[in-house]
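The structure appears right after this line, and notes come after that.
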Amino acid sequence: MRLIAILVRSTIALLLLSLGAASSSAQSTCSITLNTGEEGNVTSKRGEIVTVCLPLNSGTGYSWQVQVGGDAMTLQPTSSFERNGTIPGASGVTRFTMKPQTPGDYTLVFMLVPPGVTGAEIGRAFVGLHIQ
């Protein structure tokens with residue numbers, strides 16, 4: 001009976017690991033990766049997924065946020081954090097994903113915000129987005 005319990009737990013653990021690998025591989029590739037203080041440009045076609053990746057260490061409590069208003073209201077990027085590995089506090093990237101529908105030129109401002117502080121930021125990254 002004990003052996004069966006161990007086998008069941010092992011099977012569940014393997015299943016969870018494979019689901020985790022499948023979900024991270026299902027993430028869209030980064031259209032651009034930027035660090036604090038950097039800026040870059042992306043050109044894409046209308047209706048294509050655009051993903052902006054911003055490196056972050058998950059254990060610090062800092063977070064990337066898109067500046068509210070302006071082009072962010074039009075593009076409506078959604079964010080998610082993807083950790084590199086399973087160790088708590090591991091580095092990773094915050095992904096801002098959007099699917100622009102209207103051709104034009106857009107500017108997005110991303111702010112690196114410390115934990116527990118409202119309205120403060122320690123850095124920015126800028127993305128110019130040209131949609132054809």
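Of all the residues in the range 72-84, those that are open to solvent by 50 Å² or more (accessible area, probe 1.4 Å) and not aromatic (F, W, Y) number 7.
For the range 18-33, the candidate set comprises residues that are at pLDDT 95 or above and over 25 Å from P88 (Cβ atoms); within that set, the residue that is least open to solvent (accessible area, probe 1.4 Å) is I32. Would you point out the residue of the range 41-71, among those that are closer than 15 Å to R95 by Cβ and among the small types (G, A, S), that is surrounded by the fewest Cβ atoms within 10 Å (Cβ to Cβ)? Taking the candidates together, the pick is S63. Scan the range 98-111 residue by residue and report those that are part of a loop (DSSP other than H, G, I, E, B) and surrounded by fewer than 14 Cβ atoms within 10 Å (Cβ to Cβ). Selection gives Q101, T102, P103. Contact map, the range 103-115: first residue aliphatic (A, V, I, L, M), second residue in a strand (DSSP E or B) and open to solvent by 20 Å² or more (accessible area, probe 1.4 Å), Cβ cut-off under 7 Å, separation 6 or more or different chains; pairs are L108/V66; V109/R124; V109/F126; M111/Q65; M111/R124; V113/S63; V113/Q65. Restricting attention to the range 112-132, the residues being in a strand (DSSP E or B), of a type outside the set (V, I, T) and more than 17 Å from C53 (Cβ to Cβ) number 1. With respect to (1) surrounded by 14 or more Cβ atoms within 10 Å (Cβ to Cβ); (2) modelled with pLDDT under 95; (3) of a type outside the set (A, V, I, L, M, F, W, C), the lone exception for R95 is condition (2).
The values are calculated or read from the model by the stated rules, or taken from the named source; none is laboratory data. Note that this is a predicted model, so its numbers are computed, not measured. Quick reminder, even Gly has a Cβ in these numbers, built from the backbone with ideal geometry, and neighbours come from all protein chains shown. Surface accessibility is based on the protein's heavy atoms, side chains included, excluding ligands, DNA and RNA. Shrake-Rupley method; radii C 1.70, N 1.55, O 1.52, S 1.80 Å.
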